[in-house]
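Q: The structure that follows is given in the form of structure tokens.
Just so it is clear, none of the values below were taken in a lab; they were calculated from the coordinates. Values in this document were obtained by computation on a predicted structure and should not be read as measured data. Cβ coordinates were reconstructed from backbone atoms using ideal geometry, including for glycine residues, and neighbour counts include every protein chain displayed.
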Amino acid sequence: MADTTQRPKRPVYRNIHVTQLASYRLPLAGWVSILHRISGVLMFLLLPFVIWLFDVSLTSEVSYERFTSTFVAGLGPLPGGFMKLVVLSLIWAFLHHLIAGVRHLWMDMTHSVSLQQGRVSALITLGLSGLLTLVLGARLFFF
Amino acid sequence: MSKNFGTQRLVVGAHYGFTDWLAQRVTALLMAVFSVVLVAQLLFGGKLGYERWSAIFSAQWMKFLAFVTIVSMLYHTWVGMRDVWMDYVKPVGIKLTLQVFTIAWLVGCAGWAVQVLWRL
């Protein structure tokens, strides 16, 4: 009977450890993927804030004033400019999550799963969400 | 009929994963439709103030669509956050706690959003 203990050790590829994150180079599609996750978690955590904005903006004209003043006078100890930054992060999260989601649907429907297609569509996703975030950010802060 | 017991039982194709996979996409599409409809109404229609903003959500068809979006958000986010906890958190107790927190967080938020919507 063959001795199985003498076999040469095969390399083992495990999930990367958290300490390796900084040195790990992700392809573009990998960046889209992890940002898809991060943007989703961000929106999940800030959900009560979004619904609070929905609440004060809709309930009455008085509360609508509260809504607009959040971005001027601020919210509690947080200044208005910071609140704008929070909303900007939500805008980015929403745009990235939406566009990365559409990319997923497109890949599912057309079987576009080659390396080249993944790279190009990842670039489009990052570019488009970044560009739209810049445009809406300019609108939010300067106009 | 496929055998559902013993050594010959079918161990693949339970469709639990497929159901959630599909549900996440369908709910995503519904939310995307709502987003496009909302943005379209915001872009066309003049100066935005309380009048116009509340009028958008007062329309019955918009309330219908917004409600569908809230429920979609609830399910979509549950599938997504459950995946996140399953991937990164190994201890069963902590994972269960986080999942319970997620459900409470999402159901509470969905209820709040519906309350705002139906008060209009």
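Q: If you build the Cα gyration tensor of the range B:2-120 and take the root of 5 times each eigenvalue, what three semi-axes come out, in whole angstrom, biggest first? It would help to have the intermediate numbers written out before the result.
A: Working: eigenvalues 289, 67, 29 Å².
Gyration-tensor ellipsoid for the range B:2-120: 38, 18, 12 Å.
Q: In a Gaussian network model over chain B where Cα atoms closer than 10 Å are linked, find which of B:Thr102, B:Thr19, B:Thr69 has the largest mean-square fluctuation.
A: Among B:Thr102, B:Thr19, B:Thr69, the largest mean-square fluctuation in the Gaussian network model of chain B belongs to B:Thr19.
Q: Right, here's the next one. Let me check I've understood the local charge: for B:Phe18, count other residues with C-beta under 15 angstrom from its C-beta, Lys and Arg +1, Asp and Glu -1. What total comes out?
A: Details: positive: B:Arg25; negative: A:Asp108, B:Asp20, B:Asp83.
With Lys, Arg at +1 and Asp, Glu at -1, the neighbours total -2.
Q: If you keep only loop residues by DSSP, which trypsin sites (Lys or Arg not before Pro) in the range B:78-120 have at most 13 other Cβ atoms within 10 Å of their Cβ?
A: Filter output for the range B:78-120: empty list.
Q: Mean shadow of chain A, computed from the convex hull of its alpha carbons, in nm²?
A: Numbers: hull surface 61.3 nm².
Mean projected area for chain A: 15.3 nm², to one decimal.
Q: How about the range A:34-143: which trypsin sites (Lys or Arg not before Pro) there are in a DSSP loop, with at most 16 other Cβ atoms within 10 Å of their Cβ?
A: Answer by residue number: there is no such site.
Q: Could you grab the relative contact order for chain A? Cα pairs under 8 Å, six or more apart, rounded to a whole percent.
A: Relative CO of chain A lands at 26 percent.
Q: Kindly write out, for the range A:58-73 in residue order, the coupling ³J(HN,Hα) from the Karplus curve 6.51 cos²θ - 1.76 cosθ + 1.60 (θ = phi - 60°), rounded to whole Hz, with x marking Gly and Pro.
A: 10, 5, 7, 5, 5, 5, 5, 4, 4, 4, 5, 6, 4, 9, 10, 7
Q: Can you work out the FRET efficiency for the pair B:Glu51 and A:Ile124, with r the C-beta to C-beta distance and R0 = 41 Å, to the nearest 0.05?
A: Values: r = 38 Å, r/R0 = 0.93.
After rounding, the FRET efficiency stands at 0.60.
Q: Follow-up question, since we're still on this one. What average count of beta carbons from other chains do you get within 10 Å of the Cβ of residues in A:52-65?
A: That average works out to 4.
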